[in-house]
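Here is the structure we will look at, set down as C-alpha cells.
What follows is calculated from the coordinates using simple rules that are stated; it is not laboratory data. Keep in mind it's a predicted model, so treat the numbers as computed, not measured. All Cβ positions, even for glycine, are placed from backbone atoms using ideal geometry, and neighbour counts span all protein chains on display.
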Amino acid sequence: MKKHNLKTTILSNRQVAEDHYLLYCDCPEVAISAQPGQFIHVLFDQGSGLLLRRPFTIYSVEGTQISMLYQVVGEGTSILSRMCAGDSLQVLGPLGNSFTIDESLDLAVVLGGGAGIASLMLLISALQKRKIRTDVLVGAMNQARLLSIADLQKIGIQPQIATDNGSTGHHGFVTELLLTTLAQQKAQLPTVFTCGPYGMLKAVTEICQQFNMPCQVAMENRMGCALGVCLGCVCKVRLEGGGQDQSGDLLFEYQRVCTEGPVFLGQQIIWD
Ligand SMILES: Cc1cc2nc3c(=O)[nH]c(=O)nc-3n(C[C@H](O)[C@H](O)[C@H](O)COP(=O)(O)OP(=O)(O)OC[C@H]3O[C@@H](n4cnc5c(N)ncnc54)[C@H](O)[C@@H]3O)c2cc1C
Ligand code: FES
C-alpha cells in the first residue's frame, strides 16, 4: 500500500479527558486508504528541536479528515498537546498492517486499556458497518481518564467499563470483564481484539489461550524510523510450526512492529 508523506495543518486539538487529547487534520491521501489498526508517524517541530517522529493510530476517518487520540506521556506528546489549529504537522502514513476481520466472524470482543482504545475505534466502526455483534470493554485508571464512551455510544455501542479505583463501572481491571464475557459465550467463538499496556496485552492473550479463542493484539513498542530500517521496534514472534531449541527455549524470530505489525496474533508473541 502506498505511503504518503504530507504536510498538513491542525484543524483542532482539544482535551477530551485528563492527559488525553483528540487532534484532527486534513489528510485526504491517508483518509482514503486507512485500514483499522494502521498508524501515522507524525513530525512536529514548534521550534522544540524535536526531530523524531511519534507514532499514533488513526482514530477516525471523516471525509478527508483523520483524527488521532493521544495520551500525554513525555516531551513529544506534551509539545503536541500545546499545538493549535493552523499549526503544521508532517504526517507519514498510513503505516503497518491492520486487524483482520474474517468473513465468518459473527462475534467480536474488543478490549481497550487506557489510550489503547484509540487504536480500536476504526476497527469497531468497521465491525459495526459489517453488522458483526461487537462487545466493547473499556478500562481506565479512573473516571477522569476514561476515553471514547460518547464516541462509542454515537455508533450504537454501550461499552462495559472498568476503572482501577472503581470511580465508575466495574471496580477492577478490564481483564476481569473479559473473563466474565468469555465465560458467558456458549455457542459462539468470538475473536478478541485488543490494545493497551504491555502487561494487559499479555494477560488478555493468556485468558484467550485459556478459552482457546483467537486474539489479535495491536503492539505499541517504541519506534524510531517506522519504515522497517532501524529495528528499534522489534518483538519476539514464535516461528511458524512452533518448536523448541536444544535447551528447551521456544524458537522465535524478531519481527518489526512498524512493518510486520502493529497487529499480531497474541498467541504468537513471546511475552517477556
Ligand atoms: C503503532 C503505534 C501506535 C500508537 N498509537 C497511539 C495512540 O493512538 N495514542 C497514544 O496515546 N499513543 C499511541 N502510541 C504511543 C505513542 O507513540 C507514545 O506515547 C509517544 O510516542 C510518546 O512520545 P513522547 O515524546 O511524549 O514520550 P517520550 O518522551 O518519548 O517518552 C515518555 C515516556 O513514555 C514511554 N513511552 C514512549 N513511547 C512509548 C510506547 N510506544 N510504549 C510505551 N511507553 C512509551 C517512555 O518509556 C517514557 O517513559 C502508539 C505507539 C505505536 C508504536
Ligand atoms: S521503527 Fe525502525 S524498524 Fe520499526
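Here are the numbers:
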{"read-out": "Cα-centre dipole for region 107-268 with unit charges at Cβ (Lys and Arg positive, Asp and Glu negative), debye to 20", "value": "560"}
{"read-out": "Neighbourhood net charge (15 Å Cβ-Cβ; Lys/Arg +1, Asp/Glu -1) for Gly169", "value": "-2"}
{"read-out": "Inter-centroid distance (Cα atoms) of region 1-64 relative to region 141-159, Å", "value": "21"}
{"read-out": "Average projected area [Cα convex hull, the chain], square nanometres", "value": "15.1"}
{"read-out": "Using θ = phi - 60° and Karplus 6.51 cos²θ - 1.76 cosθ + 1.60, couplings along region 104-111 (whole Hz; Gly, Pro as x)", "value": "8, 5, 10, 8, 10, 10, 10, 10"}
{"read-out": "Tail weight of P(r) past 22 Å, computed on alpha-carbon pairs of region 4-95, percent", "value": "17"}
{"read-out": "Positive-end residue of Tyr59, Pro94, Leu11, charge dipole of the chain with Cβ unit charges", "value": "Leu11"}
{"read-out": "Stretch gain in nm, segment Ala85-Lys154, where the contour uses 0.36 nm per residue and the Cα spacing is subtracted", "value": "22.4 nm"}
{"read-out": "15 Å beta-carbon shell around Ser78, net charge (K/R +1, D/E -1)", "value": "-3"}
{"read-out": "Listed peptides 157-166, 32-41 by packing density, highest first (mean Cβ within 10 Å)", "value": "32-41, 157-166"}
{"read-out": "Relative packing of 135-148, 109-122, 248-261, which averages over residues the other C-beta atoms within 10 Å, highest first", "value": "109-122, 135-148, 248-261"}
